[in-house]
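A short worksheet on the structure shown next.
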Ligand SMILES: [Zn+2]
Ligand SMILES: [Zn+2]
């Protein structure tokens, strides 16, 4: 397999890995950290930010291993795909959906679809756990449409949520 194809396969495979990590680690033993992401943020950071720090070690390890001999140099491409997925996830989830940086991003149909799907995850704390391909069962989307939450489940700050509750 050529390097760029390896990187693409790693990138695509990361959606399954991130689905599993979100569903069974972050909503499992890691809920102590992840809960902070499902509550309105009080300050600039949340405990959940420790997860990307931990996950970044996967890419770092792949890059380090790739330098250990010509036989495993292709791991550089795998590390590249994994890191690229992390960067795209960061942009889509933190910048586009949760608007954590003061930058204006053009509204794109794909990203709006991802945003509305991720909103359902925040609404009920269940599916969809995926990020770049968040598949929502039709019945769940209908349930979300009918739900009238007291506050926007994607609200950025505790203050904003409080205001919405008034
Ligand atoms: Zn989120
Ligand atoms: Zn979650």
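The values are calculated or read from the model by the stated rules, or taken from the named source; none is laboratory data. Keep in mind that what you see is a predicted model, and the values were worked out from it rather than measured. Please note: Cβ atoms are built from the backbone with ideal geometry, for glycine as well, and neighbour counts cover all protein chains shown.
Does residue 136 satisfy the criteria of being farther than 28 Å from residue 60 by Cα and modelled with pLDDT of 90 or more? In short, yes.
Which of the helices (runs of 4 or more DSSP H) contained wholly in region 1-69 include at least 1 residues that are under 20 Å from residue 122 (Cα atoms) and more than 16 Å from ligand 1 (Cβ to nearest atom)?
Result: 3-20, 31-34.
None of 115, 100, 104 is within 16 Å of ligand 1 (Cβ to nearest atom), outside any helix (DSSP H, G or I) and either closer than 30 Å to residue 140 by Cβ or at pLDDT below 95 (or both) except 100. Assessment of region 45-66 against the conditions (buried (at least 16 other Cβ atoms within 10 Å of the Cβ), within 18 Å of residue 3 (Cα to Cα) and under 14 Å from the mean Cα position of the chain (by Cα)) yields no matching residue.
Residue count for region 68-93 under the criterion of being at pLDDT below 95 and surrounded by fewer than 15 Cβ atoms within 10 Å (Cβ to Cβ): the result is 6.
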